[in-house]
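Take a look at the structure set out below.
The values are calculated or read from the model by the stated rules, or taken from the named source; none is laboratory data. Fair warning: this is a prediction, and the values are worked out from it, not measured in the lab. Quick reminder, even Gly has a Cβ in these numbers, built from the backbone with ideal geometry, and neighbours come from all protein chains shown. The area values use the complete protein model at the heavy-atom level, side chains included, leaving out ligands, DNA and RNA. Shrake-Rupley method; radii C 1.70, N 1.55, O 1.52, S 1.80 Å.
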Amino acid sequence: MPLFLSALLIVAMLELLAMIFWSKLWFRLGIPVFSRQVTGHCTRVAMTPDELIERQPPSRFQPFLFERLSSRSIGFREWLLPGSLVALLNLSILNFYTPVMRGRLEIDSLGNVRIVGLLNYFPLLLGLYLLEFAIDSKGSAAPLIGLALLAAIYVVQRGRFKQLAAVLSSF
């Protein structure tokens, strides 16, 4: 098992670097676990990451951060940490989570926007580890609780991605 835990740690560090440096490859490759289309009558090809940040609805969770990846693609993810020490001190464990997905907005020439949520690799490997541990531990509920927590985080992020679709429909 130490080899798997080492791989999990390496994947976590690589994913963190890809997130920090907005790796275009990281935002293009992955397993899609969310997709939503917003029609062109209400969107603009010229929307900017700053506009998207400003139009986010208030949330108890970390706000999305947006970065243009190409002329027709914008990546987004949660902020890594709160913007200030005060926000960090006020941060509740219920308001912060390890993201299960990262997102990409794909904008076509008609102004249609497709929101794609790609599964992050760390939660995928963690889920596989917890599943294996649940099978091996015969009767222990701890790994199942971990899997349920990952599923709950997905549900929270899915709701936030749907809110983003509503914001995009108002452009």
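A straight chain from Arg114 to Leu9 at 0.36 nm per residue would run longer than the Cα-Cα distance by 34.6 nm.
Judged by the mean number of other Cβ atoms found within 10 Å, the most tightly packed of the peptides 136-142, 108-114, 56-62 leads the ranking 108-114, 56-62, 136-142. Rounded to the nearest 10 degrees, the angle from helix 2-20 to the longest Cα principal axis of the chain is 20 degrees. Across the stretch 2-30, the residues whose backbone nitrogen lies under 19 Å from the label position 7 Å along the beta-carbon direction of Phe61 are 16, 19-20, 27. For the chain, the longest principal axis of the C-alpha atoms and the axis of helix 142-168 are separated by about 0°.
Determine the per residue accessible area of the chain with all protein chains present and a 1.4 angstrom probe, expressed in square angstrom.
56
You can think of it this way: the chain between Leu131 and Val155 has 6.7 nm of extra reach, that is 0.36 nm per residue less the Cα-Cα gap.
The structure shown yields Rg and Dmax of the Cα atoms in Å, and of the options (i) 17.4, 55; (ii) 21.6, 69; (iii) 18.3, 70 that calculated value carries the label (i).
Considering only protein heavy atoms and a probe of 1.4 Å, how much of the accessible area of the chain is carbon and sulfur, as a whole percent? Ligands and nucleic acids excluded, carbon and sulfur give 69 percent.
Considering only Ile107, Ile53, Ile135, the Gaussian network model of the chain with Cα springs below 10 Å gives its largest mean-square fluctuation to Ile135. Report the residue, chosen from Ile31, Ile74, Ile115, that carries the largest GNM mean-square fluctuation when the chain is represented by alpha-carbon nodes joined by springs under 10 Å. Of Ile31, Ile74, Ile115, the Gaussian network model singles out Ile31 as fluctuating most.
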